[in-house]
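Before any comments, here is the structure.
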Amino acid sequence: MPNLPPVVYSTVKSEESVTEVTTLSNGLKVASEKKFGQFCTAGVVIDSGPRYEVAYPNGICHFLEKLSFGATHKFATRDVMLRELERHGGICDCQGSRDTTVYATSADSRGLEAITQVLAEVTLRPQLSAEEIEAARQAVAYELETLSMRPEQETILMDMIHSAAYKGNTLGLPKICPKENVNKIDRGIILNYLKNHYTPDRMVVAAVGVDHEPFVEYVQKYFVDMKPTWHSEDSESFTPKVDKSIAQYTGGIEQEECEVPLYPGSDLPELSHIVIGLESCSHSDPDFVATCVLNMMMGGGGSFSAGGPGKGMYTRLYTNVLNRYHWMFNATAYNHAYGDTGLFCVHSASPPNRIYDTTLVIARELANMAGKVGDMELRRAKTQLQSMLLMNLEARPVVFEDVGRQVLATGKRKPPSFFINEIEKITSEDIIRVARRMLSSRPSVAARGRLAHLPTFDEIQSNMSLSKSDASPQGRRLNLFRA
C-alpha cells in the first residue's frame with residue numbers, strides 16, 4: 001500500500017539472539033540481547049536486598065522501593081522524570097526480592113539514551129529529599145496497616161517461613177519493614193546503604209530489544225563518567241562493610257495467633273494458614289533443575305481457582321490433597337532459590353478446627369516425595385515446566401530479568417535451550433534423590449491465624465521422617481466427615 005513502510009516479519013532465525021556482555025573499566029557489566037520489535041526493556045539489576053541489612057535497621061529495601069523513580073540531580077521532580085519517559089512511550093517499575101533489586105523501564109527503542117539516563121539517575125543520583133523520605137515513610141506505614149487487614153496472607157507468611165528457616169541471619173531478615181523501624185530509617189542510613197551496595201561490581205545494566213554497542217556507550221556516559229550522589233556528599237561516618245555471610249539454614253517454627261480477615265462478599269469461612277518448608281538447593285547447584293521439576297510435580301493451587309487445561313489439576317497437591325480433603329482451601333508448592341541455598345515449601349489453608357489435620361496431611365505429602373515417582377507424572381511435570389519456561393520468555397520484560405539475573409549471578413546467560421535439555425534429562429531417580437536430600441534437613445514451619453489445634457513442632461517433624469515416607473499419616477486419624 002502507498003505511504004506505508006516496508007513490512008519486516010519476525011523469523012525463527014532472527015529470534016535466536018545471543019546475549020552480549022561487556023565489562024566496563026569500573027567493573028560494571030552491561031548485557032543486552034536483540035529482540036524483534038520497536039520497543040525495548042532496559043534496567044539495572046543489583047545484588048541488594050534484605051539479606052544484606054544485618055548491620056542496618058531492617059526495612060531499608062522496603063523504603064527504597066517506595067523512593068524509586070523519584071527526584072534526582074537531573075530531574076527536579078518525579079513528574080519531570082515521568083514526562084521524559086512518556087515522550088518515548090515509557091513505563092517504569094522497581095521491585096525487590098530478598099537478594100536482588102531491579103529497576104526497569106520499557107519504552108520505544110529510539111529513546112534508549114533517554115531511558116539509560118533515567119536509570120542512571122534513579123540508581124546513582126537520587127535526591128532523597130526530606131519530603132520524599134517522609135512520603136515513603138507514610139507509604140510503608142500504610143502498607144503495614146493494610147497487610148494485616150487483607151485476607152491474602154502470602155506476603156506475611158513468606159517473611160515468616162524465611163525467618164523460621166534462617167533464624168536471625170541473611171535470608172531470615174524481614175523483607176517487610178518492621179513497624180518499630182519505620183521512624184528509624186532516615187536519609188543518612190539510606191545513603192550509607194546505597195554507598196556500600198549500589199557499587200559497579202554489584203550491578204548489571206541490561207536491555208532487551210537494543211543494539212549492544214550504542215547501549216554500552218550510553219551506560220559508559222551516564223553510569224561511569226558521571227559520579228553517584230554519595231561521592232559528592234558526606235554521609236554518616238558509620239559505613240559497615242557488605243555482609244558476605246553464607247546463609248545458615250536453621251529450621252524451626254514461627255507462629256502468630258490472630259484473626260485472619262474474611263474475603264468480603266464470599267461464603268468462605270475464616271481460615272488458618274500453615275507453611276512447611278525444607279532446605280533445598282541454590283540456583284547454581286547441579287540439583288536445581290531436578291528441584292524445579294519436583295516443584296512442578298507437587299504443583300497445587302486453590303480449591304476454587306479458575307482456569308483451563310494446563311493449570312496443574314493432575315499435580316500431587318490436587319490429586320492427593322485438595323481432591324481428597326474438602327476442608328482444605330489451598331495447597332501450593334513453592335521453591336525459592338538463592339545464590340547459596342534454597343527453600344522448598346508448601347502453603348496450605350483450612351478452617352481453624354482443621355489445622356491439625358491439614359498440617360499432618362501436608363507433612364506426609366512432603367515425606368512422600370521420596371517415594372515412588374510414576375513415569376506419567378514425571379513426563380507431565382517435565383513438559384509443564386518446559387512449557388511454562390518458554391511461555392514466560394515470550395514476554396520481553398521476563399527476558400530482561402532473566403538476562404540481568406543470570407549475568408549478575410554467573411557473568412553470562414545460558415539460553416532457554418540449555419534448560420529445556422537439562423529438564424529432559426531428569427529421571428525419577430533424580431527426583432527421589434533430591435527429595436531425600438531435602439527431607440534430611442530440619443523442617444521450617446510458619447503458621448498464622450487461630451492456632452489452638454496446631455500440632456507441635458515435634459509432631460510435624462516426626463510425620464516427615466524419611467523412614468515413614470510410605471506410611472499413613474501419624475497422630476489423630478483423619479476423619480473426612482468430622483465437623
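Quick notes
- The single condition among (1) touching a residue at least 12 places away in the same chain (Cβ under 8 Å); (2) over 27 Å from the mean Cα position of the chain (by Cα) that residue 140 does not satisfy is (2).
- Apart from one condition, residue 76 fits all of (1) within 22 Å of residue 407 (Cβ to Cβ); (2) surrounded by fewer than 19 Cβ atoms within 10 Å (Cβ to Cβ); (3) of a type outside the set (Lys, Arg); the exception is (1).
- Look at segment 416-442: where a residue is charged (D, E, K, R) and a partner is at pLDDT below 95, sitting 6+ places away or on another chain with Cβ atoms under 9 Å, you get 436/466; 436/469.
- Of the residues making up segment 77-119, those that are touching a residue at least 24 places away in the same chain (Cβ under 8 Å), among the hydrophobic types (A, V, I, L, M, F, W, C) and part of a strand (DSSP E or B) number 5.
- Scan of segment 143-167 for residues that are under 20 Å from the mean Cα position of the chain (by Cα) and surrounded by fewer than 18 Cβ atoms within 10 Å (Cβ to Cβ), ordered by number: 143, 144, 147, 152, 154, 155, 167
- Subset of segment 222-271 that is of a type in the set (Val, Ile, Thr) and either in contact with a Lys or Arg (Cβ under 7 Å, 6 or more places away or on another chain) or assigned to a loop (DSSP other than H, G, I, E, B) (or both) - its residue that is modelled with the lowest pLDDT: 239
- Pick from segment 120-137, criterion in a helix (DSSP H, G or I) and over 24 Å from the mean Cα position of the chain (by Cα), ranking: surrounded by the most Cβ atoms within 10 Å (Cβ to Cβ): 121
- Segment 210-220, subset touching a helix residue (DSSP H, G or I) at 6+ places or on another chain (Cβ under 8 Å) and either modelled with pLDDT under 95 or not in a loop (DSSP other than H, G, I, E, B) (or both), residue nearest to residue 457 (Cα to Cα): 219
- The residues of segment 352-375 that are assigned to a loop (DSSP other than H, G, I, E, B) and of a type in the set (Val, Ile, Thr) amount to a single one, 373.
- Of all the residues in segment 375-390, those that are touching a residue at least 12 places away in the same chain (Cβ under 8 Å), surrounded by fewer than 17 Cβ atoms within 10 Å (Cβ to Cβ) and among the polar types (S, T, N, Q) number 1.
- Within segment 222-234, the set of residues being surrounded by 14 or more Cβ atoms within 10 Å (Cβ to Cβ) and more than 31 Å from the chain's Cα centre (by Cα) comprises just one member, 226.
- Flag if residue 206 is of a type outside the set (D, E, K, R), in a strand (DSSP E or B) and in contact with a helix residue (DSSP H, G or I) (Cβ under 9 Å, 6 or more places away or on another chain): yes
- If you check 66, 74 for being in a loop (DSSP other than H, G, I, E, B), basic (Lys, Arg) and at pLDDT 95 or above, only one passes: 74.
The values are calculated or read from the model by the stated rules, or taken from the named source; none is laboratory data. Computed from a prediction, not measured in an experiment: that's the story for all the values here. Glycine gets a Cβ as well: all are built from the backbone with ideal geometry, and neighbour counts include every protein chain shown.
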